Amino acid sequence: MSGEQKAEAKGEQAKGKLKETAGRVTGNERLTAEGRAEQAKGDAREAKEKVKDVFKR
């Protein structure tokens, strides 16, 4: 996994977790959902990069 792509994936996951937590604390369901979606996007990016790494070997 390239370092840049890995960092982007981890950044999206962290940002999503923060949004989700903020949404839960404030009772904002939209913000909570956005946070979950960002985390999923980061997870998908990370999975894609792992698959690429497998095929590079």
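Read-outs: derived from the displayed coordinates by stated rules, not from any lab. This is a predicted model, so every value here is computed, not measured.
Worth a mention:
- In the chain, the longest principal axis of the Cα atoms and the axis of helix 3-26 are about 10 degrees apart.
- Calculation over all alpha carbon pairs of the chain in 10 angstrom steps from 0 returns a P(r) of 29, 39, 21, 9, 1 percent.
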